[in-house]
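Down below is the structure, laid out as structure tokens.
The values are calculated or read from the model by the stated rules, or taken from the named source; none is laboratory data. Every value quoted in this text rests on a predicted model; they were computed, and no experiment measured them. Backbone-built Cβ (ideal geometry, glycine too); neighbour counts: all protein chains shown.
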Ligand SMILES: [Zn+2]
Ligand SMILES: [Zn+2]
């Protein structure tokens, strides 16, 4: 009997202690610190969403939506944002676009007909599309000659340009 009474008193003391603790200033401080950190983490996560979204999203409306999601609902919003954010940074997209452009330009360096811009092989004498005469043929081996060449590089026959003929 004595033991039971003792136990009851102990548990009363224990709950009393909890009650005292929750009523105390210490609990108030702990609770306030907890809420403070909660708010700090909330703002930090929202700010992180803003920083990340700015690097990934170009459209200002979508960016604003991402930031709104980062703010609300707290913590869940940033998580959702992480699931649905664009997979690439804008820098990466731009870099890739530049690479593609550079590749296209290097392809564009292929010889083209000066009249119709059709791609022509260096060995063509005339444009196959618009029949423009592109190169003179060597007198002897009929190889196509560049305008600046003074001699055929294939058979060493001197090139007789129209101008040279004129000067004679
Ligand atoms: Zn042409
Ligand atoms: Zn030749």
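Could you tell me whether any residue of region 95-103 is touching a helix residue (DSSP H, G or I) at 6+ places or on another chain (Cβ under 8 Å) and under 17 Å from residue 58 (Cα atoms)? No, region 95-103 has no match at all. Residues that are within 16 Å of ligand 1 (Cβ to nearest atom) and not in a strand (DSSP E or B) do not occur anywhere in region 65-72. Could you count how many residues in region 48-61 are exposed (fewer than 14 other Cβ atoms within 10 Å of the Cβ) and either more than 18 Å from the chain's Cα centre (by Cα) or in contact (Cβ under 8 Å) with a residue 60 or more places away in the chain (or both)? Result for region 48-61: 1.
When 129, 93 are checked against the criterion of being modelled with pLDDT of 90 or more, surrounded by 13 or more Cβ atoms within 10 Å (Cβ to Cβ) and within 16 Å of ligand 1 (Cβ to nearest atom), a single residue qualifies: 129.
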